[in-house]
């Protein structure tokens with residue numbers, strides 16, 4: 001029986017990190033939607049699909065099946081019964097991914113696959129429109145956010161720890177601009193689902209956020 005937790009929120013809110021950690025504690029499969037787009041890109045690249053041909057794109061999508069499994073705690077992407085995880089970070093796949101991600105037929109195909117995974121597995125998925133569009137019937141919906149300054153500080157600390165020089169004010173401006181773009185885009189804009197739990201993590205540690213999500217899910221799972 002499926003169980004789905006949907007985590008939405010703005011850039012820099014820590015959605016992926018929190019989703020992975022909470023999912024691990026709850027025995028949920030973390031669905032990396034970006035890797036799924038790369039799987040489609042891998043298929044398109046290997047089969048020389050013309051992305052400008054609607055007919056070719058639709059035919060290709062009809063021949064694609066993607067599954068997600070885990071091996072030793074590492075996500076594995078299975079494309080038409082073949083494990084292609086090792087090929088997903090290749091440069092040519094990344095370039096193709098940016099092309100396929102804007103195709104309506106590809107987005108519809110992956111939307112259907114993601115919903116099917118949620119109905120048959122115990123999963124957690126994060127993004128901008130998971131609770132509002134991709135999984136509107138998710139068992140648990142979280143809207144994860146933090147102030148723009150806190151998100152900028154987290155990004156600033158991450159970059160400086162790698163030896164990169166950066167300006168925290170410029171980072172915050174970029175985050176605010178990104179928020180506006182995400183919230184006002186034409187297709188599936190970022191917003192809090194009506195039945196989502198709002199969680200501001202500005203004054204919380206990662207561990208505190210994870211434990212909060214784990215408690216919410218366990219309570220819901222036992223209803």
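Which one of 121, 90, 153 has the biggest mean-square fluctuation once the chain is modelled by GNM with Cα springs under 10 Å?
Largest GNM mean-square fluctuation: 90.
Compute the separation of the alpha-carbon centres of the range 64-84 and the range 164-223 and state it in Å as a whole number.
Value for the Cα centre distance between the two parts: 27 Å.
Tell me the relative contact order for the chain as a rounded percent, counting alpha carbon contacts under 8 Å between residues six or more apart.
Here the relative contact order equals 33 percent.
Which ordering of 201, 160 is given by a fewest-first count of other beta-carbon atoms within 10 Å?
Placing the least packed residue first, the sequence is 160, 201.
For each of 89, 155, count neighbouring Cβ atoms within 10 Å of the residue's Cβ, then give the residues from fewest to most.
89, 155
For 140, 214, what's the fewest-to-most ordering of other Cβ within 10 Å of each Cβ?
Ordered by Cβ neighbours within 10 Å, fewest first: 214, 140.
Select from 194, 92, 186 the residue whose mean-square fluctuation is largest in a Gaussian network model of the chain (Cα-Cα springs shorter than 10 Å).
Greatest mean-square fluctuation among the candidates belongs to 186.
For the chain, what does the helix formula give at 222 nm: sum of -39500 (n - 2.57) over DSSP H segments with n ≥ 4, over the residue count, nearest 500 deg cm²/dmol?
Value at 222 nm, helices only: -15500 deg cm²/dmol.
What is the diffusion coefficient of the chain in µm²/s, taking the Kirkwood radius over Cα pairs and the Stokes-Einstein relation at 10 °C with a viscosity of 1.306 mPa s?
Stokes-Einstein gives a translational diffusion coefficient of 85 µm²/s.
Out of the DSSP beta bridges found with both residues in the chain, what percent are antiparallel (nearest 5)?
30 percent
What's the FRET efficiency of residue 220 with residue 71 using the Cβ-Cβ distance as r and R₀ = 22 Å, to the nearest 0.05?
Once rounded, the FRET efficiency stands at 0.20.
Here, each number is a calculation from the coordinates, and none is a lab measurement. Model, not experiment: these values are computed from the prediction. Heads up, the Cβs are rebuilt from the backbone with ideal geometry, glycines too, and the neighbour counts pull from every protein chain shown.
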